[in-house]
Amino acid sequence: MRLILLGAPGAGKGTQAEMLNSLLNIPIISTGNIFRAHIAEGTELGIKAKRYIDEGKLVPDELTIDIVKDRLNQDDCKNGMILDGFPRTIKQAQALDALLVELNMPLDKVINVEVADEEIIERMAGRTVCSSCGTPYHKKFKVEKVAGICDNCQGKLIQREDDRKETVKKRLKVYHDQTSPLIEYYKRQNKLVNIDGIGSVEEISLRVKNALGVN
Ligand code: AMP
């Protein structure tokens, strides 16, 4: 299955991507995680991307499209993939369409996780991430077993620089200006499924599974 997870920052895309990854056994392609790995390694791409990310802006399309192109060409994407946080602009969506035609990998569904801005601002305040493997946690919705330590790899949990309140507000504006037009874009392709993103992780996961006809 080839899926896109769409939604504002903090809507819960990452958590649903993980659920679908274990259920369907297909890789997650998260451009945010790829950028963070590059930043951690101090690569040239990481240094360039960090400037935009820390300010709550989007990394330029050219850089972003190239990393997705490389990733989609890898063998593990042959049976499907979950795109989390990509595309985020119409230009990225058009480039992705062209790429998927070239690779003969038609898209199945675009899941749009809907959450209001006020709820997102509140949620982001409680969000942490593993500084080592990128697994997301939340003080209310997904609590780690040992405080401040990742369940998977024992890495240290941190608050992302771009999850700070002022940056979150900027990221929401960027989302409304540049990413939300994709809802209409995929609606026109008959690929869009809207999912109510309010509720427990289990409730939202069930809605996603029902919408995809998997369990
Ligand atoms: P995320 O973890 O998906 O919220 O991404 C964190 C940050 O990485 C975003 O706020 C952007 O600065 C950058 N980023 C991630 N994906 C993209 C994308 N598809 N296009 C441009 N910038 C991106």
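A few points about this structure:
- Pairs where the first residue, in segment 139-154, is of a type outside the set (A, V, I, L, M, F, W, C) and the second is open to solvent by 60 Å² or more (accessible area, probe 1.4 Å) and not in a loop (DSSP other than H, G, I, E, B), C-beta under 8 Å, 6+ apart: Gly148/Lys156
- Checked against the criterion of being in a helix (DSSP H, G or I) and small (Gly, Ala, Ser), segment 54-72 has no qualifying residue.
One line per residue, one yes/no per condition, for (1) within 14 Å of the ligand (Cβ to nearest atom); (2) modelled with pLDDT under 95:
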{"site": "Asp76", "(1), (2)": "no, no"}
{"site": "Asn79", "(1), (2)": "no, yes"}
{"site": "Asp84", "(1), (2)": "yes, no"}
{"site": "Lys91", "(1), (2)": "yes, no"}
{"site": "Ala95", "(1), (2)": "yes, no"}
{"site": "Leu99", "(1), (2)": "yes, no"}
{"site": "Asn104", "(1), (2)": "no, no"}
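- Extreme residue, modelled with the lowest pLDDT, among residues of segment 16-33 that are within 12 Å of the ligand (Cβ to nearest atom) and open to solvent by 40 Å² or more (accessible area, probe 1.4 Å): Asn33
- Residues of segment 189-215 satisfying the condition of being closer than 20 Å to Glu118 by Cα and modelled with pLDDT under 95: Gly199, Ser200, Val201
- Applying the criterion of at least 3 residues that are within 21 Å of Leu23 (Cα to Cα) and away from the ligand (no atom under 15 Å from the Cβ) to the helices (runs of 4 or more DSSP H) found wholly in segment 129-215 leaves 201-212.
- In segment 178-205, the qualifying residues are those that are surrounded by 15 or more Cβ atoms within 10 Å (Cβ to Cβ) and among the aliphatic types (A, V, I, L, M), and the one that is nearest to Lys142 (Cα to Cα) is Val201.
- Pairs, first in contact (Cβ under 8 Å) with a residue 12 or more places away in the chain and part of a loop (DSSP other than H, G, I, E, B) in segment 74-91, second of a type in the set (Val, Ile, Thr) and buried (at least 22 other Cβ atoms within 10 Å of the Cβ), C-beta under 6 Å, six or more apart: Gly85/Thr31; Phe86/Thr31; Arg88/Thr179
- Restricting attention to segment 44-59, the residues being more than 7 Å from the ligand (Cβ to nearest atom) and either open to solvent by 40 Å² or more (accessible area, probe 1.4 Å) or touching a strand residue (DSSP E or B) at 6+ places or on another chain (Cβ under 9 Å) (or both) number 7.
- Search result, residues across segment 1-15 that are more than 11 Å from the ligand (Cβ to nearest atom) and either open to solvent by 30 Å² or more (accessible area, probe 1.4 Å) or in a helix (DSSP H, G or I) (or both): Met1, Arg2, Thr15
- Index of the failed condition, Ile39 passing every other in (1) in contact with a Lys or Arg (Cβ under 8 Å, 6 or more places away or on another chain); (2) touching a residue at least 40 places away in the same chain (Cβ under 8 Å): (2)
The values are calculated or read from the model by the stated rules, or taken from the named source; none is laboratory data. The structure displayed is predicted, hence computed values, not measured ones. Note that we place each Cβ from the backbone using ideal geometry, even for glycine, and neighbour counts take in every protein chain shown. The protein model used for the area step is the full one, side chains on, heavy atoms only, and it has no ligands, DNA or RNA in it. Shrake-Rupley method; radii C 1.70, N 1.55, O 1.52, S 1.80 Å.
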